[in-house]
1. About the Cα centre of the protein assembly as shown, what is the dipole size in debye to 20, counting +1 per Lys and Arg Cβ and -1 per Asp and Glu Cβ, all else neutral?
2. What residue among A:Leu126, A:Val83, A:Cys103 has its Cα farthest toward the positive end of the dipole of segment A:1-127, where the charges are +1 on Lys, Arg and -1 on Asp, Glu, each on the Cβ?
3. Have a look at B:Leu39, B:Asn27, B:Met5 and report the one farthest towards the positive end of the charge dipole of segment B:1-76, computed about the Cα centre with Cβ charges (Lys/Arg +1, Asp/Glu -1).
4. Peptide D:219-225: average number of partner chain Cβ atoms within 10 Å per residue?
5. Provide the solvent-accessible area of B:Leu296, counting protein heavy atoms only and rolling a 1.4 Å probe, rounded to the nearest 10 Å².
6. Could you give, in nm with one decimal, how far C:Val305 is from each other copy of that position, shortest first, with labels 7 Å out from Cα toward Cβ?
7. Per residue, how many Å² of accessible area does segment C:282-338 show with a 1.4 Å probe?
8. Which percent of the accessible heavy-atom area of segment D:79-130 goes to carbon and sulfur, probe 1.4 angstrom?
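The values are calculated or read from the model by the stated rules, or taken from the named source; none is laboratory data. Computed from a predicted model, the values in this text were never measured in an experiment. Here the Cβ positions follow ideal geometry from the backbone for every residue, glycine too, while neighbour counts run over all protein chains shown. Note: accessible area is taken over every heavy atom of the protein model, side chains too, but ligands, DNA and RNA are not part of it. Shrake-Rupley method; radii C 1.70, N 1.55, O 1.52, S 1.80 Å.
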Protein chains: 4
Amino acid sequence: MVIIMKPGHTRKELDRAIQEMEKSGVNVMISRGSETTILGAEGNAAGIDMEKMEALPGVERVMRVSEPYKKANRKYHPDDSVVEIAPGMTVGGKKLLVVAGPCSVESEAQITGVAQSVKDAGAQALRGGAFKPRTSPYAFQGMGYAGLDLLEKARVHTGLPVVTELMSTDDIGYFAEHVDVIQVGARNMQNFDLLKRLGKVDKPILLKRGLSATIEEWLMSAEYILAGGNERVILCERGVRTFESFTRNTLDLSAVLAVKKQSHLPVVVDPSHASGQAWMVERLSLAAIAAGADGLIIEVHNDPVRALCDGQQSITPDQFGTLMVKVGQIAACVGREV
Amino acid sequence: MVIIMKPGHTRKELDRAIQEMEKSGVNVMISRGSETTILGAEGNAAGIDMEKMEALPGVERVMRVSEPYKKANRKYHPDDSVVEIAPGMTVGGKKLLVVAGPCSVESEAQITGVAQSVKDAGAQALRGGAFKPRTSPYAFQGMGYAGLDLLEKARVHTGLPVVTELMSTDDIGYFAEHVDVIQVGARNMQNFDLLKRLGKVDKPILLKRGLSATIEEWLMSAEYILAGGNERVILCERGVRTFESFTRNTLDLSAVLAVKKQSHLPVVVDPSHASGQAWMVERLSLAAIAAGADGLIIEVHNDPVRALCDGQQSITPDQFGTLMVKVGQIAACVGREV
Amino acid sequence: MVIIMKPGHTRKELDRAIQEMEKSGVNVMISRGSETTILGAEGNAAGIDMEKMEALPGVERVMRVSEPYKKANRKYHPDDSVVEIAPGMTVGGKKLLVVAGPCSVESEAQITGVAQSVKDAGAQALRGGAFKPRTSPYAFQGMGYAGLDLLEKARVHTGLPVVTELMSTDDIGYFAEHVDVIQVGARNMQNFDLLKRLGKVDKPILLKRGLSATIEEWLMSAEYILAGGNERVILCERGVRTFESFTRNTLDLSAVLAVKKQSHLPVVVDPSHASGQAWMVERLSLAAIAAGADGLIIEVHNDPVRALCDGQQSITPDQFGTLMVKVGQIAACVGREV
Amino acid sequence: MVIIMKPGHTRKELDRAIQEMEKSGVNVMISRGSETTILGAEGNAAGIDMEKMEALPGVERVMRVSEPYKKANRKYHPDDSVVEIAPGMTVGGKKLLVVAGPCSVESEAQITGVAQSVKDAGAQALRGGAFKPRTSPYAFQGMGYAGLDLLEKARVHTGLPVVTELMSTDDIGYFAEHVDVIQVGARNMQNFDLLKRLGKVDKPILLKRGLSATIEEWLMSAEYILAGGNERVILCERGVRTFESFTRNTLDLSAVLAVKKQSHLPVVVDPSHASGQAWMVERLSLAAIAAGADGLIIEVHNDPVRALCDGQQSITPDQFGTLMVKVGQIAACVGREV
């Protein structure tokens, strides 16, 4: 942390600023010129409250030098985290993780059918929503617990681990027992109560980026989970909100690069929600792998036209099969494999 | 809802689209030209799933004509909603509601002191956080239940009703008993689980606009609460996220106008969080009232420099006193009163 | 400017960074701790190229402390600039400047008619486009020179000075002779060639904020004009682009406050383009004045329905009359007058 | 175009709306239900002024169905445009176009050196700025005409065609004679005066996307050039402005897909300006090609640390060589070649 004092600050103001910094255990470096006084913190400045420093009299500006996240920070954990999501199945290593499945669980036939198809095409895990976050209270909200049961049946049938979204803290216990990867949706990325509790769960968490979350905020949300003791966090880029309306969101592939540089956590990409358009999914998947993503999460529906939600962004099992072949080729170019 | 069919669509595709619309009980108007076919829904189209229609073969484009919110819609509730927050105290009528208080409850002396000061200056309600949504898991998270106790003491002391943020569904019961207005923070605006439960609570809800929520999404979140049976929703504009970094957020006063036109719900403005800078609060408050806001929620701290959070955006009780006088003058110009 | 060196930087890298800073004539303050080295520039750091410093080996981070604009900076020009736009008519002082008129000049009857109406209602200057920046090459592009002639006729008829947009550097000479205030549109805010030439013109320039320009970029564009020698720059806030689509743009009234704090230049607000909706214009005008704007620029058309452009955001002369009365009342509350 | 009339509109209002549409030569389809009246335009609705229609009394809402661009529209030009930039060298076909070179021309040794290096590594064209758009009037503005001379020397030396930015309409004649591809920078994307003139020039135009331009606006700017008669337009995606500050801009690769679907024009990607960070350039280049871009434009400098601008985002010739090999591999996966 670097603090610039206001020109003409008093001695008392300077002392107070220094004191405030020292309280957090850092060493304060003082640099006084004829007009300017600069204070630098040496040591772990993460404990200094920037907002508080900014409110001090005589302080012109407070600039953070180090990142506010620790456990998620690659500085203190240089190697890539490889997260196990099922016995022998991981994400973050050489092998990519591809998760596929419908927006919502709709029926046993549907979910086991799609599960089998995507497995045959090479998917390693099944996605499917039982509890759906919908903008409208009048839209289909998911099958709930019945949907979770059907996901388990699909798992029994295919052996695919199950990734599904948790919306209520009340359901954490059940999810921790019956689900393989617990997804936190974009709209809950800063539901801090939920994050804290997931820090205590012994299951990997797929943390989607918020609709307009900065990379730093996203890593801070991961930090909430890590700080609670759960080290199995998988990040998921799913597009951010911009002024552009052609696509549902704007897929931010440079965020994948940024996150991989700043953090050791694995990052997967969701091209289906990012674009909202089925015809874009294949190409965006290839781009994501070329950029360095550790995996993909893709909406696949056996009958997109009849899907209860997100039909327009779901691809068919056949299209998914073609996509997997191409993903494999791109992966080989960048030292990865499917 | 209006649907444009693709040029060259088949008869079967057209029939299917019509059928799908009729399922929702609307009357379908068909308009066929030599190249173009347009379908219009007459009646309540809110039940038609746009995404599903978009995924149908032969459909080029689906355009919504009516708003997706009903209970929040001024069309079906032309008069302004006047929400009572304490016996005889309302928001949404001629009289403005001004809520003031510190970011966080810190101690009994602090909260009762600030409460008394803002009351003396004309505030009608007290704000203060006991549970604080913080980006960092290492930042001060609020005093929790002890903070709620102190808020109640401040209420006993001053008579001011208390507005405070709820972060966990577990606490709903306690809040419903001990708090006057339950605040939903920006980061929880689309925490649908929380919204649904607040629909069952007999307390007014102050619903902050999400960090980058559209006006429609904001009203849909209000709709979740209203649909549950709780009609006492107060909206709060607190700035949206843009590329500009001079201010913490960008206060969107045209949203106040838009919401008042589209909905009957009262809207208050939070200039403290919107700007993040104490020196901007007075002028933005005046602008908000001039624009037509029904009230203000303002951070006031007796000692901003020592505040445990948000010191840089808190004004002092003295500054708040001056602000109230000026707000009164502007209010008079636009037919309102403090 | 503050520079943080990378941990483990070499002596040579440090020397080079210091040298590079000293080249620009600043005094370099060096602060070395056991792990951290911080360099601070004392003196005018505006000449140091941040990007260049960032590219130096051993440099971790470069942070600017002072603003990159000089002539536009209130630090070096503490008093408000009062810009004269016609003999005895100014903007930036106690008296507000209200400019009104149609989107486009359409005919002599139209422009003189509107000019007379807005003058009667209290407007001090006339706006009207002769050269129109249109997104589509097929849309009405303005009457061109014939339109300028009609504006001059309206000026003769009413005495109102004329504000109109310049689009081509070829026309600068003509504008400098025949127009009272030369407007630079939002889309040309960073047309640096145009800005440089306007620095050599002896006419006030109304510089609109770019569609998604930061406050700093906007002031830097003003700096281009000021640096050329033309000190009569008037800034115009007209909304920025966000994800919200209810309004055409999002009016940013905190930008008015920010600019007035950072700069001495006058700022006016254009509520018509900001909102794109006639019914919002009055309230946003009141809010702008309450926030501290030095004036307004408003689209008024005698027959909005028949307007060749922007009819949906134009108010009628009668509505403008009502608006002026209310603006006067709000102005009085904040120590201004119309 | 589809128009929804207000409930309770009058017969006269309806007639007027129909008349207004018919004026533009379209056939109007009228669909009247018991509460709703919908008007649909059949034929070319591009000539109907949406804004004008919106301002008509009795009109509730105007929705465009077809795109406002014609010559840039793939509907009327289904095959990809292949643009020749030098004898035998094209962009838009199977072979990718890779343009490389420094931000600015600095000296003969620098530009011919870089030109030779990038040619050796496989670049087909040379970029380099002689006129530089700089946010600050005090920053290096480019060598101007002397820089153009050096670019020509580099062309003579290496045979590489030259891509460079035009900033002033005064220079169009000179550029048309001495430059191979004329670049329009992001800040001039809606400098309509410049676009119109480039429509009359017999040279290919590289049109960068504006800082926060929608895809539609970008294609409309291309339309200005095409409408003038110059059919050789190459689009360049270079990132858009969002709230994220880790990268300079947010690269929008779905825009590449969208543009290729809506238009026949070739699209190249500039990963250097999009990210602002040299270490991101390789991976974003691979992602761009995987997504379907027709080429790349990359900043390469022999000595990034000493570069007069953009050093932090320039890669070295060696890094460029490695990048080209990898780009070739990815290209092969998606049916393209370098």
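1. 0 debye
2. A:Val83
3. Value computed over the given set: B:Asn27.
4. Whole-number average of other-chain Cβ neighbours for D:219-225 is 3.
5. Counting only protein heavy atoms, B:Leu296 exposes about 0 Å² to solvent.
6. Inter-copy label distances (nm, one decimal, shortest first): 4.5, 6.4, 7.2.
7. 28 Å²
8. It is 49 percent, rounded to a whole number.
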